[in-house]
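Everything below concerns the one structure shown next.
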Amino acid sequence: MRTKNTSLHSLFSAMSKETLVFIFGILLTIIPFLGIPEDWRQYAILGIGVFLIIMGYTLRRSVYLNRIDYGNGERGSDAFIETTSTLFKENELK
């Protein structure tokens, strides 16, 4: 029994998020033709929909974070630039 549990864990850990979205998309398209009772079908469609929303959000977030990654562990964008010189004279600010 323990080997079955570890093989199932290794199967899910080997799948990428994109693969899971693909598999659940296929499952979502065939659910209406499986002959599942209406109540169960509605819960299954709701659950898969919520799963796909969460996975879509995490995939978009990871793409965004990879895009702003500098490669050395820092993340940032051009929205904030720290300056070391004085930009304005004291009498211009008053």
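The values are calculated or read from the model by the stated rules, or taken from the named source; none is laboratory data. This is a predicted model, so every value here is computed, not measured. Reconstructed Cβ throughout: ideal geometry from the backbone, glycine too, with neighbour counts over all protein chains shown.
Residues that are over 17 Å from Gly56 (Cα atoms), out of contact with any helix residue (DSSP H, G or I) (no Cβ under 9 Å at 6 or more places or on another chain) and of a type outside the set (Val, Ile, Thr) were ranked within the range 13-34; the one that is modelled with the highest pLDDT is Phe33.
Within the bounds of the range 60-81, is there any residue that is at pLDDT below 90, outside any helix (DSSP H, G or I), among the charged types (D, E, K, R) and over 19 Å from the mean Cα position of the chain (by Cα)? The answer is yes, given that some residue of the range 60-81 is at pLDDT below 90, outside any helix (DSSP H, G or I), among the charged types (D, E, K, R) and over 19 Å from the mean Cα position of the chain (by Cα). How many residues does the range 34-52 hold that are surrounded by 10 or more Cβ atoms within 10 Å (Cβ to Cβ), of a type outside the set (Gly, Ala, Ser) and part of a helix (DSSP H, G or I)? The total comes to 10.
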